[in-house]
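Take a look at the structure below.
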2 protein chains.
Amino acid sequence: MKIIKGGITTPLEFRAAGLHCGIKSSKKDLALVFSDKPAVTAGLFTTNQVKSAHVLLDLKKLRRKESQAIIVNSGNANACNGATGRDNALEMSEYTAKCLDIDKQNVLVASTGIIGKPLPMNKIKKGIKEISGKLTIDGSIDAAEAILTTDTTIKEIAVDTGIKGRTKNNIKIGAIAKGSGMIAPNMATLLSFITTDACIEYEELFTALRECVNTTFNMLSIDGDMSPNDTVIIMANGASRNKRIKFKTPEYKKFVDGLNYVCTYLTKKIAADGEGATKLVEVQIKGARNMKDARRAAKSVANSNLVKTALNGCDPNWGRILSSLGAARIKIKPGKIDIAINSEPIVHNSISTNFSQEKLHKILKEKEITITINLNVGDYSSTAYTCDMSEEYVKINAHYHT
Amino acid sequence: MKIIKGGITTPLEFRAAGLHCGIKSSKKDLALVFSDKPAVTAGLFTTNQVKSAHVLLDLKKLRRKESQAIIVNSGNANACNGATGRDNALEMSEYTAKCLDIDKQNVLVASTGIIGKPLPMNKIKKGIKEISGKLTIDGSIDAAEAILTTDTTIKEIAVDTGIKGRTKNNIKIGAIAKGSGMIAPNMATLLSFITTDACIEYEELFTALRECVNTTFNMLSIDGDMSPNDTVIIMANGASRNKRIKFKTPEYKKFVDGLNYVCTYLTKKIAADGEGATKLVEVQIKGARNMKDARRAAKSVANSNLVKTALNGCDPNWGRILSSLGAARIKIKPGKIDIAINSEPIVHNSISTNFSQEKLHKILKEKEITITINLNVGDYSSTAYTCDMSEEYVKINAHYHT
C-alpha cells in the first residue's frame, strides 16, 4: 500500500464536483460524487434514534446494495423536519437522477448543517442542475470543500492498495470527509464518502467497511452518542477489472489495509480539526480485560471535558485521567494503572512517578499528544481519537445557530 | 416546613468553624463540623472506582453508623496518593479526635481540590489544633466558606421541619455544600454536610438520605461519572429529644420533605454556580416509559455540551435537544416529542411549532431556564439540574492545576 495524491476521483471512472448553490452565504455547499457505471455500495449510518431524512432514505435505497451518485448539501442537516424533510430528501435524489439521466434508485443523498430548518429546495434544485454538468475527474477537491461546515481544512486522501487490476493500474481507494464539532462528546456530523475501482461484492465490501469504521470513525464518538446525520458510504465500481476480491485472500487483506489507512487518516484529520482544537489527542488503552472495556476506557478519557481542557492549557493534571477511568464502568484495579504522555511515564501504580513537571509541560505543548494507559488487568487494546477543548469551542457553539 | 436563616449549626448542639491553614494561598481551607454528643450518621459516596483516601476511610468508619465530628480540607483532594494518602487521612482523623478529646473512631474526614498531590500535613495539623478551639454555634458560615474550591458563593441552608421535639423548638435540618466544576459532565467534587437535631435511627436516616440524594445531587451528575471525592454526610444528634422518627409516620414524611427541600436547594445553588455558569438549567422529562429512561433522558440533555453552549449563547438551537434525546439509548418515538422552554412550546411532534424566535431569544436570556420535554411514550418524570457552558468554563479548567 502506498499513499498517493488525490481523493475520491483518483480511482478509475469516478467524477465529482462542488459548488455554491446558496444554502450558505458564500461558501461551497453542494457536492456530487458520481461513478460512470453503477457501483456496489455499502453504508454505515448514525445509531441516533433521531435520524435525518437523508439517513432514512439511504438506508432504504441501500437495501439494493447499489448506487451511482451521491448528492450532498452542507449548511442544512434536513433533520427534524418531519414529512417535509423526507419529501425534500427524496426530491433531491430524484431530481439528481433526472439531471444525470440515471436510474433514480441509484442516487443517494447526504445533508449536514443546522437541524430543524426546511431545505431551500429552489436553490438546491438550481444547484443540482448546474452541478450535474460540472462533473470532472479533478472534482474531488471541490466536493471535499463543499461538504464542510465549521471544518477549517478539507480532508481528502487516496491510496494505492498494491492489488493488481486487469488495467495497467493497481486498485485504488479514495475518500473525502467532513467532521468538526467537538466530535468526541456528541452530535457533530461526520460524513465520509469513499470510492474504489475494486471489483468486490457487497458482503466483502460491507464487512471491510464495518471492520475499519469500528476502530476509526466510531472511536471519535462515545457509544450511541452520534449526530442524526452521521454517514459513511463506500462505492466500488469494479473499473479495475480485477479478479473479484474474496474473503480470506491476500487481496482482501490488502484491501482492508488500504481502507483502514484511509479511515485512520481521515479520523485523525477530523480530530485535529475539531472545533477550536489546538492539538490532536490519541488515547491508547492497553491491558484491558476485554475489548469492550478497552473501548469504553479509551472513550471515557477522550470524552472528559476536564481532561480536554487540561490538555488545552498544557496542564499536567493526570488525576483527571485516572478519575475518568474510575468512572468508566469497566473493570480496573484502582491502584494498578500506568500512564505515559508521549512516552514519558507520569503515573505508575496509580501514583505520580515524580516526573519532571517542566519536561511534561514542554511535551504538552506539542501538536500531537498520545496518552498511553496500561490498565494492567488483561491483554486488550484500543485507541480513541479526540482533540483538546478550548474557549474557541464554546464560542463557536454558543452562536452556531444565530 | 419552613425555611429559616442558618446552616449546619442551626440544629441544636452542633458547632462548627472554618479557617485558613495554608493549603491554599490565602482563602479558608479547613472546616470542622462538631456535634456535642455522638450522632447517628449516614453517608453516600462517589461510585467512581478511583476513590479518594477520605472516602475509603469514611466508608470503613461509617459501618459503626456513628460520628461526632467531620474535619474537611479544601485545596487538595488527597486522591491518587496511594498508601501515603491513606495514612494522611487517618492521621487527620486521629489528630482531630485528640485535639477534641473524643473517640478517634468518631471523626470523619473529607477533602476536595487537586488530585495526586500529597497533603501538607504539617500545615493541616497546625490548623486542626487551632480549629478545635474555635468551634461556635455561629460557625456554619465559616465552615461553608472553608470547603469551597472554585465555587463563587457559599451554599448553606436551614429548615424547620415542623416536627415537634421535647424542647420548645421544632426539629431542624441544616446543611452546607460545595460544588462547582461543571458538575454535570464529570468529576467535579460535590461535598455536602447535613446536620439535624432529630432523634432518628440509622435505617430511617439512611433511607431518607438515599431517597433525597437520588433525585437531587445524583441528578447533577451523569451515571457513574463522579469525582473520586463526592461525599454527602448527614449527622442526627437527637438533641430535640423528639419521639424517635419511624418509617410510615407523618413525622417521617415531614422529615423527608425537609431533607428533600435542603438537598434540592443546594443542588440548584450548585448548578447555578457551575464553573463559568451564567444560568441555572432544569431539564424536566415527562412521559417516559419508565423511571430509568426518564433519568437517562434528563441527564443526556443536561450533559450535552452542544445544548449547554447553545444556552450560553441564548441560541434557540432545539435540534440539539432532540438529537441528545435520540442518542440517549432510551425508548422514544422520534416523531412524537414535545419541547417547551420556560413554558413556551417550541417543538410539537418533533418539529418546530413556528414559535416566535424573538420571544424565545428573550426567554433564553433569563437566569433560570427550564426545558420541559414530553416523550409521550409513558407516565414517568424526572428532572436534571445543570448550567450553561461558557468560554469561562474552559478558561478555568485549562489552567486549574498550574
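Annotations
- Residues that are within 14 Å of chain A (Cβ to nearest Cβ) and modelled with pLDDT of 95 or more are absent from segment B:125-146 altogether.
- If the condition is being touching a Leu at 6+ places or on another chain (Cβ under 8 Å) and either part of a loop (DSSP other than H, G, I, E, B) or among the aliphatic types (A, V, I, L, M) (or both), then segment B:113-138 contributes B:Ile115, B:Gly116, B:Ile124, B:Ile128, B:Ile131, B:Lys134, B:Leu135.
- Residue check for B:Val159: over 18 Å from B:Ile70 (Cβ atoms), at pLDDT 95 or above and touching a helix residue (DSSP H, G or I) at 6+ places or on another chain (Cβ under 7 Å): yes
- Residue pairs whose Cβ atoms lie under 6 Å apart, sitting 6 or more positions apart in sequence or on different chains, and linking a residue in segment A:269-296 that is in a loop (DSSP other than H, G, I, E, B) to a partner that is basic (Lys, Arg), are A:Lys279/A:Lys367; A:Arg289/A:Lys331.
- Where a residue in segment B:326-340 is facing chain A (nearest Cβ under 7 Å) and its partner, wherever it lies, is hydrophobic (A, V, I, L, M, F, W, C) and part of a loop (DSSP other than H, G, I, E, B), with Cβ under 6 Å and at least six apart: B:Gly326/A:Val50; B:Ile332/B:Leu375; B:Pro334/A:Val50
The rows are residues; the columns are (1) away from chain A (no Cβ under 13 Å); (2) farther than 20 Å from B:Ile194 by Cβ; (3) part of a strand (DSSP E or B); (4) touching a residue at least 24 places away in the same chain (Cβ under 8 Å).
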position: B:Ser26; (1), (2), (3), (4): yes, yes, no, no
position: B:Leu44; (1), (2), (3), (4): yes, no, yes, yes
position: B:Thr47; (1), (2), (3), (4): no, no, no, yes
position: B:Cys80; (1), (2), (3), (4): no, yes, no, yes
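- Residues (assigned to a helix (DSSP H, G or I) and either without any contact (Cβ under 8 Å) to a residue 40 or more places away in the chain or more than 9 Å from chain B (Cβ to nearest Cβ) (or both)) located in segment A:308-325: A:Ala310, A:Gly319, A:Arg320, A:Ile321, A:Leu322, A:Ser323, A:Ser324
- For B:Ala328, the test of being closer than 25 Å to A:Leu306 by Cβ, surrounded by 21 or more Cβ atoms within 10 Å (Cβ to Cβ) and at pLDDT 90 or above is failed.
- Selected residue [in contact with a Ser or Thr (Cβ under 6 Å, 6 or more places away or on another chain), surrounded by fewer than 17 Cβ atoms within 10 Å (Cβ to Cβ) and farther than 18 Å from B:Asn229 by Cβ] from A:Asn312, A:Asn342: A:Asn342
- Of everything listed in (1) polar (S, T, N, Q); (2) modelled with pLDDT of 95 or more; (3) farther than 23 Å from B:Arg244 by Cβ, the single unmet condition for B:Thr149 is (2).
- Filtered residue count, segment A:260-282, keeping only those that are surrounded by fewer than 24 Cβ atoms within 10 Å (Cβ to Cβ) and either farther than 30 Å from A:Cys199 by Cβ or within 12 Å of chain B (Cβ to nearest Cβ) (or both): 7
- Test set (1) touching a strand residue (DSSP E or B) at 6+ places or on another chain (Cβ under 6 Å); (2) part of a loop (DSSP other than H, G, I, E, B); (3) more than 22 Å from B:Tyr265 (Cα to Cα) - B:Ser35 fails condition number: (2)
- Cβ-Cβ under 7 Å pairs, at least 6 apart or on other chains, segment A:216-237 side within 14 Å of chain B (Cβ to nearest Cβ), far side at pLDDT 95 or above and part of a strand (DSSP E or B): A:Asn229/A:Ser111
- So B:Asp257, is it touching a Gly at 6+ places or on another chain (Cβ under 9 Å), in a helix (DSSP H, G or I), within 14 Å of chain A (Cβ to nearest Cβ) and of a type in the set (Asp, Glu): no
- Boolean, B:Ile346 is touching a Phe, Trp or Tyr at 6+ places or on another chain (Cβ under 6 Å) and more than 8 Å from every other protein chain (Cβ to nearest Cβ): yes
- For A:Lys367, the criteria (1) closer than 21 Å to A:Ile270 by Cα; (2) buried (at least 18 other Cβ atoms within 10 Å of the Cβ) hold in every case but one, which is (2).
- When each of B:Ser300, B:Ser323, B:Ser352 is tested for being surrounded by 16 or more Cβ atoms within 10 Å (Cβ to Cβ) and touching a helix residue (DSSP H, G or I) at 6+ places or on another chain (Cβ under 6 Å), the lone residue that passes is B:Ser300.
- Residue in segment A:72-85 that is assigned by TED's automatic domain parsing to the domain that holds A:Arg15 and closer than 20 Å to A:Ala236 by Cβ present: yes
- Sub-6 Å Cβ pairs linking a first residue in segment A:57-71 that is more than 11 Å from A:Asp103 (Cβ to Cβ) to a second residue that is part of a helix (DSSP H, G or I), at least 6 apart or interchain, are A:Leu57/A:Ala89; A:Lys65/A:Tyr202; A:Ile71/A:Met92; A:Ile71/A:Thr96, ordered by first then second residue.
- Residue-level check: of (1) within 13 Å of another protein chain (Cβ to nearest Cβ); (2) more than 26 Å from B:Gly82 (Cβ to Cβ); (3) aliphatic (A, V, I, L, M), A:Ala384 misses just (1).
- Hits in segment B:95-132 - residues which are without any contact (Cβ under 8 Å) to a residue 60 or more places away in the chain, surrounded by fewer than 24 Cβ atoms within 10 Å (Cβ to Cβ) and under 25 Å from A:Phe355 (Cα atoms): B:Lys117, B:Pro118, B:Met121, B:Asn122
- For A:Ile71, the requirement of being at negative phi and surrounded by fewer than 21 Cβ atoms within 10 Å (Cβ to Cβ) is not met.
- Any hit, segment A:283-295, residues being of a type outside the set (Lys, Arg) and facing another protein chain (nearest Cβ under 7 Å): no
The values are calculated or read from the model by the stated rules, or taken from the named source; none is laboratory data. No experiment lies behind these values; they were computed from the predicted model shown. Virtual Cβ from ideal backbone geometry, glycine too; neighbours counted across all protein chains shown.
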